[in-house]
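Here the structure is laid out as structure tokens; the discussion comes afterwards.
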Amino acid sequence: MKRTILLTGLVIFLNGCGGGGGTYTYANNGNNQETIKSAPSDAPEINNTTKNNYLDAINKARSKARYCGDEYYEAAKPLKWSDALYKAAYEHTNDMASQNFLEHEGSFKKTDITGIDLGHKSEFYERVTHNGYNYLSTGENIAGGQKNLQEVMQAWLNSPHHCANIMNPEFTDVGMAHIKKDGTKYIHYWTQDFGSKD
């Protein structure tokens, strides 16, 4: 029987204004992960420089013990890049940017590819599985408004729940995506998807 740890939250920092929140949900996964029907294939290949910059920023944060709010985390092992988690992160980032919203739940419009396949607004753990990552534990960070990697990482590390995802020693893999879309509320949209397997 599998234990699934779903760690979620969102951070919105735009023009100096900020807010954040998150929830911890523990679910018994068993064998009830959605069957992969047609893994989304529209995520562009990420270039090595961007991928390495993302990994370096995440692993630099994990390399130091820190407090996430009141919770103390020891330094954690570096994460490895997962193309499947990147595809899940890209799918949701593209959905948020295209539909001009910032939530963990998908839009259930054409850009919510997993949701359309499953017949309801997608949840992040469904996008992770649908994109080919069969997890033991998984988590997601999203953000909007930060103009660069340094800004978004600092915003996440300043937020206890997002910081906890970054520092979680159970996670072994990560994928991350960013899309800039002018004319939307936040312009910059970010997603990190974390996971571990058996």
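The values are calculated or read from the model by the stated rules, or taken from the named source; none is laboratory data. Keep in mind that what you see is a predicted model, and the values were worked out from it rather than measured. Cβ placement follows ideal geometry from the backbone for every residue including glycine, while neighbour counts extend to all protein chains displayed. Remember, those area values only see protein heavy atoms, side chains included, never the ligands or the DNA or RNA. Shrake-Rupley method; radii C 1.70, N 1.55, O 1.52, S 1.80 Å.
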| query | Would a scan of the range 132-148 turn up a residue that is among the aliphatic types (A, V, I, L, M), modelled with pLDDT of 95 or more, under 21 Å from HIS162 (Cα atoms) and touching a His at 6+ places or on another chain (Cβ under 7 Å)? | reply | yes
| query | Quick check: is even one residue across the range 73-82 out of contact with any Pro (no Cβ under 6 Å at 6 or more places or on another chain) and over 18 Å from ASN168 (Cα atoms)? | reply | no
| query | So which residues in the range 174-193 are in contact with a Lys or Arg (Cβ under 8 Å, 6 or more places away or on another chain) and surrounded by fewer than 24 Cβ atoms within 10 Å (Cβ to Cβ), if there are any at all? | reply | ILE187, HIS188
| Candidates ASN53, ASN94 - the one that is within 19 Å of ASN141 (Cα to Cα), open to solvent by 50 Å² or more (accessible area, probe 1.4 Å) and in contact (Cβ under 8 Å) with a residue 24 or more places away in the chain | ASN53
| request: Within the range 157-188, track down each residue that is under 13 Å from the mean Cα position of the chain (by Cα) and in a strand (DSSP E or B). | output: ASP173, VAL174, GLY175, MET176, ALA177, HIS178
| said: Every residue in the range 189-198 that is closer than 23 Å to ALA65 by Cα and more than 10 Å from the chain's Cα centre (by Cα), please. | reply: SER196
| field | Selected residue (criterion: farthest from HIS161 (Cα to Cα)) from residues of the range 104-114 that are without any contact (Cβ under 8 Å) to a residue 24 or more places away in the chain and open to solvent by less than 30 Å² (accessible area, probe 1.4 Å) | value | THR111
| Selection count, the range 115-131, where residues are open to solvent by less than 40 Å² (accessible area, probe 1.4 Å) and more than 15 Å from the chain's Cα centre (by Cα) | 2
| message | Here's a check for you: in the range 62-89, which residue that is hydrophobic (A, V, I, L, M, F, W, C) and more than 30 Å from ASP42 (Cα to Cα) is surrounded by the fewest Cβ atoms within 10 Å (Cβ to Cβ)? | response | ALA65
| request: For GLU34, state whether it is open to solvent by 30 Å² or more (accessible area, probe 1.4 Å), farther than 14 Å from TRP190 by Cα and at pLDDT 50 or above. | output: no
| request: Kindly check whether there is at least one residue in the range 65-82 that is more than 18 Å from THR191 (Cβ to Cβ), assigned to a helix (DSSP H, G or I) and either touching a Ser or Thr at 6+ places or on another chain (Cβ under 6 Å) or modelled with pLDDT of 95 or more (or both). | output: no
